[in-house]
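Q: The structure under discussion is supplied below as structure tokens; questions concerning it will follow.
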Amino acid sequence: MILANLYNKVLGFFRQTEKEAGESSKDTACNRLRVVLMQDRTNLTPELMERMRREMIDLLSKYVEMDKEALELNLEQDGDQVALMLSIPVIRAKDEDEIKAALEAEDKAKEETEECSQENETDETGDSDEEENSSEDDINESETVETSEDENEQTEDDTKTKKEP
Amino acid sequence: MSGRVIVITSGKGGVGKTTTNANIGTALARAGKKVVMIDTDLGLRNLDLLLGLENRIVYTIVDVVEERCKLKQALVKDKKNPNLCLLAAAQTRDKTAVTEEQLKDICEQLKKDFDFILVDCPAGIEQGFQNAVAGASEAIVVTTPEMSAVRDADRIIGLLEAKEEIKSYKLLLNRVRPNLIKSNDMMSVDDVVEILSADLIGIIPEDTGIITSTNKGEPIVNDEKSLAGKAYNNVARRIIGEDVPFLNLEEPQGVMAKIKKFFSGLTGKEK
């Protein structure tokens, strides 16, 4: 009994020092695997994820002012389902005029690109092909986009993007 | 009689597909079932070695397909158990010697005379895999708690899910080392099951007895005392439909064992 206690104490001591030194190799393996499997299952490479992140920023910037650096876009697994998790730290909600202006600027830009594309069709088709490919690959995944607040920052001004008009 | 065709597959090589096949087959036969094992690893056959039948093979699956013999002539009976048969792979030919249709046809014929048809799948996801899976309606995916094996298993599961003929697949976790799991140096059974989100049919501990049993050409399920043997026997019982709890793989924690471990643990950490 005494020996067993001693053993447990000494072992506990070694365990503790190990834990303090960082995550166990098993945790590293699990985390690395989760990431790599997510990529395997969806065909979303890190480059594509980064592109998606940037496009997300462009899209949402029209409606809210946010911390662009801290915007996180991750694939997460919940049981059988793969979810696309988007975390957006909102700095400030934009007022009506700003949103209007942003949308108008966009509409204008669209018209311009449409004109351009008529003159310059080869470029445009190449671009859209690429986008089609990446969306086809995701047919089997049910993707839910969730917006959430980043609790550590901007607690006062945080607004869920959902609530924005 | 209409037998069940179960393919044993893994993606990655060396995780214990063939060992699993030999042991589950032997265990099912010991339980009184009529079992035939098909080795589809053309050019790299090994199932015959694990069963100790390498000297009895006259005809192979390629001889059957190319009509040099009847299917029944090519079935090699096990040394000990008359319920157990092997249809060996050809060692001199490659994966193209047998087609998916031909394998399907062989499975259909064997279904009439056997309770279980176990198909040993080659490693990889190419034609060899496609052939092996062709005639099966169930699958056992063998993996180990290592990253590369789990990743490959995930790929295989994806491919199996896309196959209409495969009605169900189960996960068999091989070469589990409870000591390493305890010290957080190996993914646990729960980790792997969660990551792959698949149903488990067996947990087999790493066992040096597997090496000696392979040396002898004698599946480890024949050794009543072996833990891996017991675990494989349990898998066979689960396949038959029994509700068998998973073995507790923890080492017996007697005082002597603890002292021993204490010292080995200390020396291990000081390195």
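The values are calculated or read from the model by the stated rules, or taken from the named source; none is laboratory data. All values derive from a computational prediction rather than experimental measurement. Glycine also receives a Cβ, built like all others from the backbone with ideal geometry; neighbour counts cover every protein chain displayed. For accessibility, only protein heavy atoms count, side chains too; no ligands or nucleic acids. Shrake-Rupley method; radii C 1.70, N 1.55, O 1.52, S 1.80 Å.
Q: Would it be correct to say that B:Lys182 is open to solvent by 40 Å² or more (accessible area, probe 1.4 Å), within 22 Å of B:Gly241 (Cβ to Cβ), more than 9 Å from chain A (Cβ to nearest Cβ) and not hydroxyl-bearing (Ser, Thr, Tyr)?
A: no
Q: Separate question: From the list B:Asn215, B:Asn222, which one is away from chain A (no Cβ under 14 Å) and without any contact (Cβ under 8 Å) to a residue 24 or more places away in the chain?
A: Result: B:Asn215 is the single residue among B:Asn215, B:Asn222 that is away from chain A (no Cβ under 14 Å) and without any contact (Cβ under 8 Å) to a residue 24 or more places away in the chain.
Q: Quick one: count up the residues across segment B:152-177 that are open to solvent by less than 30 Å² (accessible area, probe 1.4 Å) and under 17 Å from B:Ala228 (Cα atoms).
A: 5
Q: Would you check which residues across segment A:41-53 are modelled with pLDDT of 80 or more and surrounded by 14 or more Cβ atoms within 10 Å (Cβ to Cβ) and list them?
A: Result: A:Arg41, A:Thr42, A:Leu48, A:Met49, A:Arg51, A:Met52, A:Arg53.
Q: Out of the residues in segment A:12-33 meeting the condition of being within 16 Å of B:Val189 (Cα to Cα) and either modelled with pLDDT under 60 or not polar (S, T, N, Q) (or both), tell me which one is surrounded by the most Cβ atoms within 10 Å (Cβ to Cβ).
A: Checking each candidate, the answer is A:Leu33.
Q: Separate question: Could you grab me the full set of residues in segment A:54-97 that are open to solvent by 60 Å² or more (accessible area, probe 1.4 Å) and within 14 Å of chain B (Cβ to nearest Cβ)? Explain how you work it out, then say what you get.
A: Applying the first criterion (open to solvent by 60 Å² or more (accessible area, probe 1.4 Å)) to segment A:54-97 yields A:54-55, A:58-59, A:63, A:65, A:68-69, A:72, A:74, A:76, A:78, A:80-81, A:92, A:95-97.
Residues satisfying the conditions are A:Glu76, A:Asp78, A:Asp80, A:Gln81.
Q: Restricting attention to segment B:134-151, and to residues there that are of a type outside the set (A, V, I, L, M) and within 10 Å of chain A (Cβ to nearest Cβ), which single residue is surrounded by the fewest Cβ atoms within 10 Å (Cβ to Cβ)?
A: The residue in question is B:Ser148.
Q: When you go through B:Leu200, B:Leu173, B:Leu180 one by one, which is the residue that is within 17 Å of B:Asn234 (Cα to Cα) and free of Cβ contacts under 8 Å to residues at least 40 places away in the same chain?
A: Numbers: B:Leu200 fails: free of Cβ contacts under 8 Å to residues at least 40 places away in the same chain; B:Leu180 fails: within 17 Å of B:Asn234 (Cα to Cα).
After ruling out the rest, the residue left standing is B:Leu173.
Q: Need the failing condition index for B:Ile24 against (1) farther than 19 Å from B:Ser168 by Cβ; (2) touching a helix residue (DSSP H, G or I) at 6+ places or on another chain (Cβ under 9 Å); (3) not in a loop (DSSP other than H, G, I, E, B), just the number.
A: (1)
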